[in-house]
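Step one of this worksheet: look at the structure below.
What follows is calculated from the coordinates using simple rules that are stated; it is not laboratory data. Just so it is clear, the model here is predicted, and its values are computed rather than measured. Virtual Cβ from ideal backbone geometry, glycine too; neighbours counted across all protein chains shown.
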Amino acid sequence: MTVSLRLVPPVARVSGKGQRWAEARTGGLLALPAAVYFLVFWLVPFVVAVYLSFTSYDLAGTPEWTGLDNYRRMLGDPGFWNSARVTAAYTVGSVVPSIVLGLAIAVPLSKPGRYNAFLRGLVMIPAAMPLVATSMVWSVIFAEKGLANALIGLVGAAPKPWLTDEGLALWALVIMTTWKHLGLFVIILTAGLQGLPLSVFEAAELDGAGPVRIFYRITLPLLRRTLLFVLVIAVVGAMQSFVPAFLLTKGGPAGATEVLPLYLWATGFGFERMGYASAIAMVLLVAMLLLSLVQFRVLRGGEEG
Amino acid sequence: MKVVRGTLLTLVVAVLLLPVYAMFAVSSASDATDLGGFAFDVSQLGEHVSQLFNQGDFPVYLRNSLILALGIGVLEVIFSSAAGYALAQLRFPGSGVLFALIVGTLSLSPIVVLVPMYLIVKELGWINSYQGMIVPFMMSAFGVFLVRQFALAIPHELLLSARVDGASEFRIFVRIAAPLLRPALLTLFLLQFLAQWDNLLWPLIVANDPGLWPLPVGLAQIQTEYDFSIGLVSTAALITAVPPLVLMFLLQRYYVAGLTLGGVRK
């Protein structure tokens, strides 16, 4: 008996029927919470959101099918168009400078050395600061007697009502968001730069290429994947941004900073127009997906693998 | 050249840290002080800290934030590692469907499903409860995906030899796979802690009871109250920033690893 068992190769024993069953049972058990969770809190809400976007629903009654009414109303809703414009300006305004400046800082900062490692640690501080705390700090910075006015006062400019001026408020948010994202992007870009093959740069230097030429001809193309990643998370992040506008300006003055997520929140939870809010959510989702797709196409274009 | 570069970088980093310093300066300002100033008064800061902890709801907000961020961080680690490991290493019925479901939800964000998520939590009777704030965020598609990527790298022979030795599948997961997944799990815990510590929108929607508010909602409320001075509000923000900053410095390696996933060529 014992002898015959020993003759069976171990692998055959463990991949037998009993083993299959044990694996399926354990796998099923380990994955079950995830299956329930993603079904109940993501798939069902998504399907319901699509459904609600075709209904009129104010929480009190039952959803009433209205077809494309919500989407039709959106086309003629100045509040929606205002929010779309504000979100577009906020996104472009914060993404472009944070990536350009991030790259300008990351290239020298990614060079080896103890001092650079120390500076990289410091750069992370804005990135790790909670957005809520950040917003409160910047609301003080933009206050009448705050740091912003003190700084522009140094060059002789008159104090500005940063958060209450229709033309300035959005740019105040953009400045804060750029600051917050800069640290994050510097870290990601630095890691990307450090992963590039050193030999290519050495070869280029031997060939007599200057730093500017190396940057445009070698660094940028090699860094394309990291740049694409940063760009996608920057754009998608800015389009969903709720906290800065909520805490600094509450969407004001006169809707000048009412970003789309804030408008969605006010529509759904302020006015309890759940159907219309869901339609706005759908438009936001499609916009984010389309923009991500375009970025992938443009930046990936021509690259193998 | 090198010295110039070093000096320039130092200057840039100093400018970047100016708002952080401003937070300290304003936190130590009594009301009469000019807010644009750089004076730093430790005793006034201490005064504000003790005021926050001895009167008002700040300690309640802090406690609630700890419950949410730690609770969700731990739940995410447990359940995402279980699912990620199962998807990577075990054959079970429905694994393909589950993986497709998780990848599909990667592109969804809370703002998109906000309304129905609220309706579901309301249906469950979880409005104004800890579970209403915790359960909808207890896992993430990113988390499962991350663990799965790490678990794929576990050598199959290792698991096989444990099976030969007669270890149960569950034991193999807990005693062999989980320790190997440690870096991924630490990264995941850190990112979830930071995200939930900063989650304003969801608690704002599901919690009306101030006794349940975490710091983000509490701070937003404090900001609008007239009897709170700017120095006091700023001190509250400063204290809120401490736990994430401490964690980030302790786990810096895992933080960078988590942020750069997907962005760096493998």
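With helices as the sole contributors, chain A gives -21500 deg cm²/dmol at 222 nm; each DSSP H run of n ≥ 4 counts as -39500 (n - 2.57), and the sum is divided by every residue. Evaluated at q = 0.05, 0.07 Å⁻¹, a Debye calculation over the C-alpha positions of the protein assembly as shown (equal weights, vacuum) places log10 I(q)/I(0) at -0.24, -0.47.
Screening chain B for DSSP H helices whose Cα atoms reach 20 Å or more along their own axis and whose mean Kyte hydropathy is at least -1.0 gives B:2-27, B:58-89, B:182-197, B:230-250. Of all complete DSSP H helices in chain A, those with a Cα span along the helix axis of 27 Å or greater and a mean Kyte-Doolittle hydropathy of -0.5 or more are A:17-38, A:78-109, A:169-194, A:274-300. Hydrodynamic estimate: the Kirkwood radius of segment A:250-305 over Cα pairs, inserted into Stokes-Einstein at 37 °C and 0.692 mPa s, corresponds to D of 248 µm²/s.
Each peptide in B:53-59, A:96-102 receives the mean, over its residues, of other Cβ atoms within 10 Å, and ordering these scores from highest gives A:96-102, B:53-59. Within the straight-line cut-off of under 26 Å between alpha carbons, the lysines reachable from A:Lys160 are A:Lys145, A:Lys180, A:Lys250, sequence neighbours fewer than 8 places apart in one chain being disregarded. When you filter the GluC sites (Glu not before Pro) in segment A:199-305 for DSSP loop state and at most 15 other Cβ atoms inside 10 Å of their Cβ, you are left with A:Glu272, A:Glu303, A:Glu304.
Mean partner shielding of peptide A:145-153, defined as the number of other chain Cβ atoms within 10 Å of each residue Cβ, is 4.
Averaging over all projection directions, the Cα-based convex hull of chain B occupies 20.0 nm² in the image plane.
Stretched out straight at 0.36 nm per residue, the stretch from A:Arg20 to A:Leu75 would grow longer than its current Cα-Cα span by 14.2 nm. Over chain B, dividing the summed -39,500 (n - 2.57) contributions of all DSSP H runs of at least 4 residues by the number of residues returns a 222 nm mean residue ellipticity of -22000 deg cm²/dmol. Inter-chain neighbour count for B:101-108: the average number of beta-carbon atoms from partner chains within 10 Å of each residue's beta-carbon is 5. Evaluated at q = 0.09, 0.10 Å⁻¹, a Debye calculation over the C-alpha positions of chain A (equal weights, vacuum) places log10 I(q)/I(0) at -0.68, -0.79.
Of the trypsin sites (Lys or Arg not before Pro) found in segment B:1-92, the ones in coil according to DSSP and having at most 13 other Cβ atoms within 10 Å of their Cβ are B:Arg91. Taking every Cα-Cα distance in segment A:25-111 and sorting them into 10 Å bins starting at zero, the pair-distance distribution P(r) comes out as 13, 19, 22, 22, 20, 5, 0 percent.
Run through segment A:222-286 and list the chymotrypsin sites (Phe, Trp or Tyr not before Pro) located in a DSSP loop whose Cβ has at most 15 other Cβ atoms within 10 Å. Of the chymotrypsin sites (Phe, Trp or Tyr not before Pro), the ones in loops of segment A:222-286 whose Cβ has at most 15 other Cβ atoms within 10 Å are A:Phe271. Treating r as the C-beta distance of A:Lys145 and A:Glu272 and R0 as 30 Å, the FRET efficiency rounds to 0.15. Using the Stokes-Einstein relation with a Kirkwood hydrodynamic radius computed over Cα pairs, the translational diffusion coefficient of segment B:112-254 at 37 °C and a viscosity of 0.692 mPa s comes to 178 µm²/s.
Working note: Cα gyration tensor of segment B:1-153, eigenvalues times five, square-rooted, sorted largest first, giving semi-axes of 43, 27, 14 Å. Remark: mean inter-chain Cβ contacts per residue of B:17-30 equal 4, using a 10 Å Cβ-Cβ cutoff to other protein chain atoms.
Relative protection proxy for B:24-30, A:152-158, B:250-256, A:45-51, from highest mean packing down: B:24-30, A:45-51, B:250-256, A:152-158 (other beta-carbon atoms within 10 angstrom).
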